[in-house]
Amino acid sequence: MLLCILIVVLVISTGCWNRRELNELAIIMAFGLDKAGEQFVVTAQVVNPGQVAAKEGGGGRSPVVTFQKRGDTIHEAIRKITTVSPRKLYGAHVRMVVIGEDLAKEGFGEALDLLSRDAEIRTDFFIVVAKEEKAEDVLHVLTTLEQIPANKMYSSLEASANAWAPSATVTLDQLLSDLVSKGKHPVLTGIQVKGDSETGGRKENVETIDSPVRLQYSGLAVFKKDQLAGWLNEKESKGYNYIRDQVQSTVDDVICPQRGKLALEVIRSKTEIKGKVVNGRPQIVIDVRTEENISDVECSIDLTRNETIQELEKLGEQSIKDIIATSVHKVQKKYKVDIFGFGEVIRRSNPQYWKKVENNWDQEFADLSVQVKVDVKIRRIGSAGNSILNELKE
Amino acid sequence: MGRPEKAESLKKSLDDNIQHVKETLGNSNDIVIREIRIGKEQEIKAGVFYTDGLADAKTIQSYVMESLMLDIRETDMEEKLSRNPLIHLKESVLTIGSLQDVSDFDAFFSSLLSGDTLILVDGFNQGFALSTAGWEDRGVQEPTSQTVVRGPREGFSENLRTNTALIRRKIKDPNLWMETKVVGRVTKTNVSMMYMNGIVNDKVVEEVRTRLDRIDIDGILESGYIEELIQDETYTPFPTVYNTERPDVIAAGLLEGRVAILVDGTPFVLLVPALFTQYFQSAEDYYQRSDFGLLRMLRYLALFIGLLGPSLYIAITTFHQEMFPTSLLISLAAQREGVPFPAFVEALMMEVTFEILREAGVRMPRAVGQAVSIVGALVIGQAAVEAGIVSAAMVIVVSITAIANFSVPAFNMGISIRISRFALMGLAASFGLFGITVGLIAFVLHLCSLRSFGVPYMAPMAPFVLADQKDTIFRLPQWALFSRPRLISQKNVIREQNPPTTKPSLRKGDSQ
């Protein structure tokens, strides 16, 4: 009997201490971090479940709402949001963290600690940089197809990284390890608002076939430590991903021997980077091996001949080599920060040498000799033989 | 009516005896007392006693009355009869199978009230009880509580004798032994123990015997009385005595070395020792091919769903929202918009409503049963959700839990799971998954501490017996079930010796 009372008292007095019902939660889907003077501006994109869940939709309200507050620290700003939000913010389901360009230029290092320290927040979200925008503007755009813009950003980033290559899915862990590593500087994908960000937050934006305002990923942002150094264009970004062995699948264009173009679909790609020190000078050899399919022939060429395929493989190799070389060249000459992790490669292959150069690696990196070897294998030519163009021409 | 200190013996005078019987039974008019005279000179006065309805009137008429009053006339028996009527009646006259001497009123009344016909002869303080018991009973029908698609359709009935016969018909072996006891001071219910001598563990038999002897109660109306009086542990939600309506299940249990306890007046026969795994086995597991036994795994899954369904839902939605996939969380949150109660109260309401419906469904007369299901489906399913009192997801959780609970083959284990579910829901509501984990650990500890007639309840999982895994979570093919469960009995463990079935090998000259 006493035991029963004890158990009941135990349950009643100690239980329920962080109980939250689902309808007491403001589920944050995305954070936007900006800087205003000395203060942080935190924008939280919070889902409005009633509007998102299919059946009960049609209330004419937005599927997400944003709340914004500024504070001296990020956490202060987040807690301040409760003064405008009806519910306490819940951060376990954050999909995206968007860093405003201004903050990125000043350095976003301080902003990351809360995200990694707070036990509630899972670290599986992606981090992107708003290109020429404030983060809040990015979070103010409604999207079609995916009702929740944060989900749109998340899946679009994943899809473009998987199928098109010039974006990078960077999670918090990766970003932190890049930040502290001496032989690698971080890279984040840039996101842009195409159109007038004022109308992006209105319902009209998703009521037309062709949304006037859209979110678009465009290239990679190069960081020197936590400060934004500059941007890579699409091609250079792809080069970066080739070097980092992050290409799952992409499409490369090749100029045909005669005229016109031909597209090669990369179906598998594997990159190995080897580093060595020759005569006291570090050298990097990038070895890319890809398997490709001919996916789009827009020139007249005879695919039935073996020699043609070999010729195309050569062209494909050249094309990838160009992409990588351009990328390396731009980063070496313009930004002078090792985003490719060549320093890490050197460190692994020759630790003694690395000890000497690690503190001024970025200078070394600028005149590093980089060799690119590409091996392309064309596997299939698709479900058609020669292009109909061959016959059109006659 | 208390038991007399010492049995009062019969009196010499028939009239006195009749007088005593009438007085004792309060002149109940279903007791038939016939005074007859036997013999050439009609000089032997005898009394025939029986209870109308319990004794078979036809048998009495043709084998007792006719023999006594007509058949012996004009035979030389009459001569002998007049000299020593008792012995001659017994040895030569009464053409009836079973006969017993009766010398005191205790035996007299218990025979009389069991349907026997008693004959007393004037001048002797002794008589006989003739077994003429025969009354209307339900007969052998299909069991309703444990149905199978394939398997015997006969079930036990209320008649003890029929029930023992049903078991004897399955096991025709002299080693099938039976002991009968009379339990219940007033009801004097026959309780039979059956076991396979040579297979059963003698200690278990002895234990059952002592526990049955220990019972001191006025009446036994169902085997449930016996179950509660002989079970190992009262303060547990889990049953430690198995019961079934199916003779084939009892026969299988006997062959595994268990002891069956049959109680007169109920079709539910008890089987001990009972193990936890036994409650998840169905007779049909053995009648279909062995891959059907995989469905047993489904029942264990159902056990966990039935036990944990609502509590996991409560725990995750109120404490661990990060465990949901984002889109599921949003859709659940949307359903909960506007629900006024916390998830625990919501779950409790639904569960209690469901339990009430189920209870009503069981007790209601069949004719109104449909009304219950309509009201239930509407109230639980639709109206509650539409009124915004509960969320749709909760209805799904409660229904899955309920259905999972039904798929446990033993009804009494289902009840245990139902009860335990509420405890776990409380823990989940106050401590989340930690509470559930602690609760589950407590359950496992408790289960491991239970014993059924000395056999660990969780055997063969704890203690782990490798050989018995062949018939625990799944069932191997018949030829692989070579031994009896190790912990039930250690005697005569080899059950069969069959090689695995093979294809006939190709002989010379056979064409493909």
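Values in this text are rule-based calculations from the coordinates and carry no lab data. These numbers were taken from a predicted model, which means no experiment stands behind them. Note: ideal-geometry Cβ built from the backbone for every residue, glycine included; neighbour counts use all protein chains shown.
Quick notes on this one:
- Chain B - percent relative contact order, Cα under 8 Å, separation 6 or more: 13
- For chain B, calculated [θ]222 nm from helices alone, where every DSSP H run of n ≥ 4 adds -39500 (n - 2.57): -12000 deg cm²/dmol
- Order of B:LEU89, B:LEU270 under a 10 Å beta carbon neighbour criterion, fewest first: B:LEU89, B:LEU270
- Remark: C-alpha extents of the range B:160-274 on the principal axes read 35, 28, 23 Å, sorted largest to smallest.
- For the protein assembly as shown, convex hull volume per residue from C-alpha positions, Å³: 326
- Measuring between their Cα centroids, the range A:58-105 and the range B:117-186 lie 78 Å from each other.
- Across chain A, Cα pairs under 8 Å and at least six residues apart give a relative contact order of 13 percent.
- Working note: Cα atoms of chain A, range along each principal axis, descending, whole Å: 87, 60, 55.
- Taking a sphere under 14 Å around the Cβ of B:THR59 and counting the other residues whose Cβ falls inside, with K and R at +1 and D and E at -1, yields a net charge of -3.
- For A:20-30, mean number of other protein chain Cβ atoms within 10 Å: 6
- A Förster distance of 45 Å, applied to the separation of the beta-carbon atoms of A:THR123 and B:SER145, puts the FRET efficiency at 0.25.
- Shielding by other protein chains, B:325-332, mean Cβ within 10 Å: 6
- By average C-beta atoms within 10 angstrom, highest first, the peptides B:344-354, B:27-37: B:344-354, B:27-37
- For peptide A:83-94, the mean count of partner chain Cβ atoms within 10 Å of a residue's Cβ comes to 2.
- Sorting B:419-425, B:130-136 by average packing, meaning the other beta carbons within 10 Å per residue, from highest down gives B:419-425, B:130-136.
- Karplus-derived HN-Hα couplings along the range B:252-262 (A = 6.51, B = -1.76, C = 1.60, θ = phi - 60°), whole Hz, x at Gly and Pro: 4, x, 4, 5, 7, x, 8, 10, 9, 10, 9
- Virtual paramagnetic centre 7 Å along Cα→Cβ of A:LYS373, amide N under 18 Å, in the range A:231-273: A:243-245, A:269-273
- Close amide H partners of A:LYS224, meaning residues 5 or more places away or on another chain with modelled amide H under 5 Å apart, are A:ALA229.
- Förster radius 30 Å - calculated FRET efficiency between B:GLN288 and B:ARG138, Cβ distance, rounded to 0.05: 0.55
- Volume per residue of the C-alpha convex hull in the range B:297-352, rounded to whole Å³: 96
- In order along the range B:131-138, the Karplus-derived 3J(HN,Hα) couplings, from 6.51 cos²θ - 1.76 cosθ + 1.60 at θ = phi - 60°, round to 7, 10, 4, x, 9, 5, 9, 6 Hz, and Gly and Pro are given as x.
- Under 5 Å between amide hydrogens, built in the peptide plane, is the criterion, and for B:GLU8 it picks out B:PHE105, B:ASP106 among residues at least 5 positions away or on other chains.
- Stokes-Einstein translational diffusion, chain B - Kirkwood Rh over all Cα pairs, 0.890 mPa s, 25 °C, in µm²/s: 89
- Computed on the Cα atoms alone, the convex hull of the range A:155-199 gives a volume of 114 cubic angstrom per residue.
- Helical contribution to [θ] at 222 nm, DSSP H n ≥ 4, -39,500 (n - 2.57), averaged over chain A, rounded to 500: -9500 deg cm²/dmol
- Mean Cα-pair separation over length for the range B:14-130, i.e. relative contact order, pairs under 8 Å, 6 or more apart, %: 30
- In the range A:242-394, Rg over Rh equals 1.11, where Rg is the alpha-carbon radius of gyration and Rh the Kirkwood radius from pairwise Cα distances.
- Gain on full stretching of the segment that runs from A:LYS194 to A:LYS80 - 0.36 nm per residue minus C-alpha separation: 38.0 nm
- For B:ARG451, the amide hydrogen comes within under 5 Å of the amide hydrogens of B:TYR457, counting only partners 5 or more places away or on other chains and with H modelled in the peptide plane.
- Gain on full stretching of the segment that runs from B:ASP202 to B:GLN42 - 0.36 nm per residue minus C-alpha separation: 52.0 nm
- Residue-count net charge about B:THR95 - beta-carbon cut-off 10 Å; Lys, Arg +1, Asp, Glu -1: -2
- Seen from A:GLY109, the other residues with C-beta closer than 10 Å to its C-beta sum to a net charge of -3, counting Lys and Arg as +1 and Asp and Glu as -1.
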